[in-house]
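Notes for the one structure printed next.
Computed from the coordinates by the stated procedures, all read-outs in this text should not be read as laboratory data. Keep in mind the model is a prediction, meaning the values are calculated, not measured. Here the Cβ is made from the backbone with ideal geometry for all residues, glycine too, and neighbour counts use every protein chain on show.
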Protein chains: 2
Amino acid sequence: MMQSIPTPSQADHLKGIYHLSQDADWVSTNDLAAHIQSRPASVTGMIKTLQLQGWVAHRAYHGVALTESGRRWALELVRSHRLWEVFLCERLGFDWHEVHDLAEQLEHVRGRELVERLDRYLGNPCWDPHGDPIPSASGEMPTRVRWISAAELPVGSRATVTGMHTVHDTFLRHLDALLVRPGLRFEVLNRSEFDGSAEVLYQDGKKFIWSVQTSENLYVQIIE
Amino acid sequence: MMQSIPTPSQADHLKGIYHLSQDADWVSTNDLAAHIQSRPASVTGMIKTLQLQGWVAHRAYHGVALTESGRRWALELVRSHRLWEVFLCERLGFDWHEVHDLAEQLEHVRGRELVERLDRYLGNPCWDPHGDPIPSASGEMPTRVRWISAAELPVGSRATVTGMHTVHDTFLRHLDALLVRPGLRFEVLNRSEFDGSAEVLYQDGKKFIWSVQTSENLYVQIIE
DNA sequence: AATATTATTTAGCCTCGCCTAAAATTCTTA
DNA sequence: TAAGAATTTTAGGCGAGGCTAAATAATATT
């Protein structure tokens, strides 16, 4: 029962738990279901399987957390996913916001050597096209200055987009419409007291309104 | 019911029917089951589904054949499979006999544009690393001099290995042990009356014995 | 032509992953 | 602190895709 490898569905759950674990120690059934587009009852069922495999610890009615071996699997999946995204963008010429779904499928391809060879072929990249870090084969994340969301920026400050929190297709398309992409430099001109939306001036002179949901999901680095 | 896309399992069946169709007009349940490592009863079940989708025609107790739309799917799968094999060998540096299982997974990744971009990226190759033809996007096969199996060669003739019939892992490993690969030049020194095995001299001076099963699965081109 | 052999299909069962509805538990708030 | 609200788990069911064993049809043999 130990030693097995996660099925695609199990992998999706592990990866979801991994991502949500960055906000809280114990991940709730509801949040996980929302994150992977499933239902709470289905998640509970899968968690039982994952627990039998030794990949998660489950405190009934309280939440789920990855064990050390679960974390290793999750990191391997994240690594595979992000390397494929680099391949799709840099080699095949896809746009950075088109690649998530394809990488979601490619990350499940299993075979000794595949990911390591891909990594070497791509030049051992540290960041994916969305600006997210790619863990090394041994599971270490490249370090970077602390994540700040655009919603935390004071009015008047200038910053660069370095990454984004969610990678759902709708969000990526939304950003595309706003002409937002990693590397964009901008200034916060104003923020509404009413709904938190921010008026933003891009370096090229264009002005856009970012909703509070948009700002919260954008990571930035302040320009001094 | 029409217009849908085959699941991985359905795709495997379609591809199997396609390959076996090269030997006979109607493919038998038993042969297909053996070819895709399944059971006759399971194949019958899947054939019913494929028939509902309009991808195969089934004459009960007589066999199954692809419809035009089934053939299109099969060719698309073959194309995707062989392009990924080229990628794995030429870009990632895998050996030609290691890539079949990985390509078997990669071929199922679906997404608009993916295969076309991969094709362009690889330089629109016509032949995969096993020497098999890669169909074009519109489903045409590159043409080549007629396939001849090594078992048809008269004693004394010299030839080059251009491809192989089966791509089962055991066969590929067997060939590896015999140092056989596409491009190998050799001469048939002798053929046993008893079991059909052939004594073969390679260009580099090495001598091997090829069983009749080995010879039958090797395609060659005669050197005048 | 009748029977034995082989191939194929049907019948019935299983697991996995998903669902909804109902029950159980925890959290919130009056 | 007790009732109501929200969350989570359990119970029960479904479809896809696989299996074995039994029944049926086709083929080969005498």
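Remarks
- Charged side chains reduced to their Cβ positions (Lys and Arg at +1, Asp and Glu at -1) give chain B a dipole of some 440 debye around its Cα centre.
- Derived scalar couplings between HN and Hα for the range B:210-220 equal 9, 5, 5, 5, 4, 4, 4, 8, 9, 9, 9 Hz in order, rounded to whole Hz, by the Karplus curve 6.51 cos²θ - 1.76 cosθ + 1.60 (θ = phi - 60°), x for Gly and Pro.
- At an R0 of 51 angstrom, the distance between the Cβ atoms of B:LEU201 and A:LEU179 translates into a FRET efficiency of 0.15.
- For the protein assembly as shown, the spherically averaged projection of the C-alpha convex hull amounts to 28.3 nm².
- Separation between Cα centres of the range A:151-213 and the range B:190-215, rounded to whole Å: 71
- Each of A:SER42 and B:SER211 was given a label point 7 Å from its Cα along the Cα-to-Cβ line. The distance between the two points is 4.7 nm.
- Here is how the number arises for chain A: DSSP H runs of 4 or more residues each give -39500 (n - 2.57), the sum is divided by the residue count, and the result at 222 nm is -11000 deg cm²/dmol.
- Derived scalar couplings ³J(HN,Hα) [the range A:149-155; Karplus, 6.51 cos²θ - 1.76 cosθ + 1.60; whole Hz; x for Gly, Pro]: 8, 4, 6, 8, 6, x, 4
- Legend: translational diffusion of chain B by Stokes-Einstein, Rh = Kirkwood radius over C-alpha pairs, 10 °C, 1.306 mPa s; D = 84 µm²/s.
- 5 angstrom amide H check on A:MET164, placed H, neighbours 5+ away: A:TYR219
- Shortest-first distances to equivalent copies, position A:ASP195, nm, label 7 Å out along Cβ: 8.1
- Each Cα pair of the range A:4-109 feeds into the Kirkwood radius, which the Stokes-Einstein equation turns, at 20 °C and 1.002 mPa s, into a diffusion coefficient of 151 µm²/s.
- Taking the convex hull of Cα positions in the range A:114-224, its mean projected area over all directions (nm²): 8.2
- For the range B:137-142, backbone phi angles converted through the Karplus equation (6.51, -1.76, 1.60; θ = phi - 60°) give residue-by-residue couplings of 4, 8, x, 9, 8, x Hz, Gly and Pro being listed as x.
- Distance from the Cα centroid of the range A:1-61 to that of the range B:50-115 is 32 Å (rounded to whole angstrom).
- Candidates A:ARG59, A:ARG39, A:ARG181: whichever shows maximal mean-square fluctuation once chain A is modelled as a Gaussian network with Cα springs under 10 Å: A:ARG59
- Simple spin-label estimate for A:ALA34 and B:THR7 in nanometres, 7 Å along Cα-Cβ: 3.1
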